[in-house]
Amino acid sequence: MDVIVVGLGAMGSAAVHQLARRGVDVLGLDRHSPPHAFGSSHGETRITRRLTLEGTEYAPSAVRSHEWWRRIEAETGASLLTACGVLNLADRAADVFAVHERAAAAHGIEYELLDAAALRDRFPQFRVADTRVGLLEPGGGFVRPEAAISAQLELAERYGARLRRGERVLAVEAAASAVTVRTDAATYTADQVVLCAGAWLAGLLDDPALARLFGVYRQVLHWFGIEGSGQDFSPERLPAFIWNGVGRADEYFYGFPSVDGATVKVATGQSDHRTADPDALDRAVAEGEADGFHQTMISGRLPGVSARAARSQVCMYTVTPDEAFVIDRLPGRERVLIASPCSGHGFKHSAAIGEALAELVTDGTTTLDLAPFALGRFTR
């Protein structure tokens, strides 16, 4: 066969879809049955925005992914992208919007800057201090990760891909002429392999120094109840949002409008609880975790959000030292391409990166600039 894709989450489902669309003989493998709740691509919603704080190099893939979400919706009938807007809230003195404004100018992306008075008038769901400012990207919103993965896998099979669910990859062995993938059920050989294994990536690499680049961190998502009818928290009235702290990283959190009319999902990026074994991750959420999150993050900022947690769920971030992606061929094993560590902000880019991976595998070059995500940046 031509290509094996290992891992069928955000990046893998996009890659196998795009490869199959091009007529490539492609096999997709996943240890679970995606979409599933054991990795990094679940939890009902993911923020999608084209103006990203991580850097202007991410804007092209975010813009292209929006185009792909709409195209996939048209082909499958699935509902993937809700363009309710994204509101980024920060302290006026922090000057966190410079990167966003540069990306907007470079790519023609619409946005608005709002002072505290405008925020209170437009979005009374938030209680903001006079020093608060907001950047609103009307074209942003949220993507439904489970639906996006399902739709892309459906299209992949429609275009001829073979998918093996519930099959664990044990080893990837690259030779000069081919790559062999051994699983707990079979052995496969292909011209090239794309590793999109997320938190399980390090376990497939035989280079300890390379494996150490990918840290796996436990993340907790909370759904809190809404006081009253919940209409003010609907996607028609509330954008997805990011609350930046005032000089304190531990005051950062993000959230979404209600998709069920009864709860609001909120979460934060956590850099503790690192694990070397994703299968040993603690997936239980203690009652005190939700209480502490509400008290620290939500109380006094979103007065309409109840302290009652309807549910909580654990997922994982696989994070590189600089929190950027790695999309590159393995040194000395050019038939093996890795594109897995999303570093907590990858889903919004995944549809376009899948396209770029397919281009790289079939043509040797891509329309996206992948140079910022090369492995060589860690060895220079």
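Listing for the model above:
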quantity: Protection-proxy order for peptides 234-240, 129-135, each taking the mean of Cβ atoms within 10 Å per residue, highest first; calculated: 234-240, 129-135
quantity: Ordering of 177-185, 262-270 by packing [mean C-beta count within 10 Å, highest first]; calculated: 262-270, 177-185
quantity: Rg to Rh quotient for the range 1-129, alpha carbon positions, Kirkwood Rh; calculated: 1.06
quantity: Rounded accessible area per residue of the range 229-380, 1.4 Å, Å²; calculated: 44
quantity: Protection proxy ranking of 151-160, 11-20, 44-53, 277-286 - average other beta-carbon atoms within 10 Å, highest first; calculated: 11-20, 44-53, 151-160, 277-286
quantity: Accessible area (Å², per residue) of the range 60-197, counting only protein heavy atoms and a probe of 1.4 Å; calculated: 44
quantity: Alpha-carbon centroids, the range 298-333 and the range 101-130: separation in whole Å; calculated: 23
quantity: Degrees separating the helix 59-76 axis from the principal Cα axis of the chain, which is the longest one; calculated: 80
quantity: Separation of the ASP95 and ARG158 label points, Cα + 7 Å toward Cβ, nm; calculated: 4.9
quantity: Solvent-accessible area, 1.4 Å probe, carbon plus sulfur percent, for the chain; calculated: 47
quantity: For the chain, alpha-carbon Rg over 2.2 N^0.38 Å; calculated: 0.98
quantity: Principal-axis tilt of helix 350-363 within the chain, Cα atoms, nearest 10 degrees; calculated: 20
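The values are calculated or read from the model by the stated rules, or taken from the named source; none is laboratory data. Everything quoted here is computed from the prediction, not taken from an experiment. Every residue, glycine among them, receives a Cβ derived from its backbone with ideal geometry; neighbour counts consider all protein chains shown. The area values use the complete protein model at the heavy-atom level, side chains included, leaving out ligands, DNA and RNA. Shrake-Rupley method; radii C 1.70, N 1.55, O 1.52, S 1.80 Å.
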